[in-house]
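K.L.:
Attaching a single structure in structure tokens format; questions to follow.
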């Protein structure tokens, strides 16, 4: 086990850079924090590059890290890597999934398409909900918060390691899905049908949009149909992550 004590160590500087989207994109890697997320990463296996653990923390005996480099760091270094108020002192450096993930996604039958969702808590919750609902892949369009933002990772609670999550052009995905005879349902307040007017099926794609503006109009024009959830109380709208959960579970057969 390696031991790093200096905050000026090049590896420490590199780890810290992974807190930025620029470095994550450049290196095609990201950092997860906390026992639960690190354990989910270890279960997935091949994505984990290195585990970083504070001197004050013990690795759970149930974890198999025999083939994974583990680096011990000081408490001072550990605190430099966290973006939480109560850090647990354990991290994993992970690779962004390979192109094989894209092949897996294309072979799927159920999809969640996300257009310009900017709140990391919402995006993470939507990924976690898609995972829970058994959706085959999540496609993130332009304008959305970074998939590997630390708040997105924490909100998704490990679902990044359970299903394909891809960045992509939603116009291209809509065309491809409809070519495969998979209906694509947009979400809209105008020119849409109540979601209960349709039936669930084994194959579908649901497209949800930005917290304030919803799905882009040009995308809505290309869908199979557009749906809305009735509001029975005085609230102006539903949170996009909540609406996503309602619709995914309704559509899933």
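K.L.:
Could you say which residue among 47, 88 is in contact with a strand residue (DSSP E or B) (Cβ under 6 Å, 6 or more places away or on another chain) and either touching a residue at least 60 places away in the same chain (Cβ under 8 Å) or more than 30 Å from residue 176 (Cβ to Cβ) (or both)?
P.N.:
When all the criteria are applied, what remains is 47.
K.L.:
Just the residues that are under 23 Å from residue 249 (Cβ atoms) and either out of contact with any helix residue (DSSP H, G or I) (no Cβ under 6 Å at 6 or more places or on another chain) or without any contact (Cβ under 8 Å) to a residue 12 or more places away in the chain (or both), please, taken from region 137-146.
P.N.:
Matches in region 137-146: 140, 144.
K.L.:
Is it the case, given these coordinates, that residue 135 is in contact with a strand residue (DSSP E or B) (Cβ under 6 Å, 6 or more places away or on another chain) and part of a loop (DSSP other than H, G, I, E, B)?
P.N.:
So residue 135 fits the description; yes.
K.L.:
What is the one condition in (1) part of a loop (DSSP other than H, G, I, E, B); (2) crowded, with 19+ Cβ neighbours inside 10 Å that residue 91 does not satisfy?
P.N.:
Only one criterion in (1) part of a loop (DSSP other than H, G, I, E, B); (2) crowded, with 19+ Cβ neighbours inside 10 Å is unmet by residue 91, namely (1).
K.L.:
Name the helices (runs of 4 or more DSSP H) wholly inside region 11-87 in which the number of residues that are crowded, with 18+ Cβ neighbours inside 10 Å is 2 or more.
P.N.:
35-44, 75-81
K.L.:
Any idea which of (1) modelled with pLDDT of 95 or more; (2) farther than 16 Å from residue 204 by Cα; (3) surrounded by fewer than 18 Cβ atoms within 10 Å (Cβ to Cβ) is the one residue 125 doesn't satisfy?
P.N.:
Only one criterion in (1) modelled with pLDDT of 95 or more; (2) farther than 16 Å from residue 204 by Cα; (3) surrounded by fewer than 18 Cβ atoms within 10 Å (Cβ to Cβ) is unmet by residue 125, namely (3).
K.L.:
While we're here: Would you be able to tell me the number of residues in region 201-228 that are assigned to a loop (DSSP other than H, G, I, E, B), more than 24 Å from the chain's Cα centre (by Cα) and in contact (Cβ under 8 Å) with a residue 24 or more places away in the chain?
P.N.:
Total meeting the criteria: 2.
K.L.:
Do we have any residue at all in region 98-107 that's in a loop (DSSP other than H, G, I, E, B), farther than 24 Å from residue 11 by Cα and either touching a helix residue (DSSP H, G or I) at 6+ places or on another chain (Cβ under 9 Å) or modelled with pLDDT of 95 or more (or both)?
P.N.:
For region 98-107, residues in a loop (DSSP other than H, G, I, E, B), farther than 24 Å from residue 11 by Cα and either touching a helix residue (DSSP H, G or I) at 6+ places or on another chain (Cβ under 9 Å) or modelled with pLDDT of 95 or more (or both): absent.
K.L.:
What do you reckon, is residue 148 surrounded by fewer than 23 Cβ atoms within 10 Å (Cβ to Cβ), assigned to a strand (DSSP E or B) and at pLDDT 95 or above?
P.N.:
When the stated conditions are applied, residue 148 does not pass them.
K.L.:
Now for a separate question. Among 245, 200, 191, which is within 19 Å of residue 112 (Cβ to Cβ) and either surrounded by fewer than 16 Cβ atoms within 10 Å (Cβ to Cβ) or at pLDDT below 95 (or both)?
P.N.:
Result of the check over 245, 200, 191: 200.
K.L.:
Tell me, yes or no, whether region 158-170 has at least one residue that is farther than 17 Å from residue 113 by Cα and outside any loop (DSSP other than H, G, I, E, B).
P.N.:
yes
K.L.:
Could I ask something else about it? Could you list, in sequence order, the residues of region 202-223 that are touching a helix residue (DSSP H, G or I) at 6+ places or on another chain (Cβ under 7 Å) and more than 17 Å from residue 144 (Cα to Cα)?
P.N.:
204, 205, 222, 223
The values are calculated or read from the model by the stated rules, or taken from the named source; none is laboratory data. The shown structure was predicted, so the numbers you read here are calculated from the model rather than taken from an experiment. Quick reminder, even Gly has a Cβ in these numbers, built from the backbone with ideal geometry, and neighbours come from all protein chains shown.
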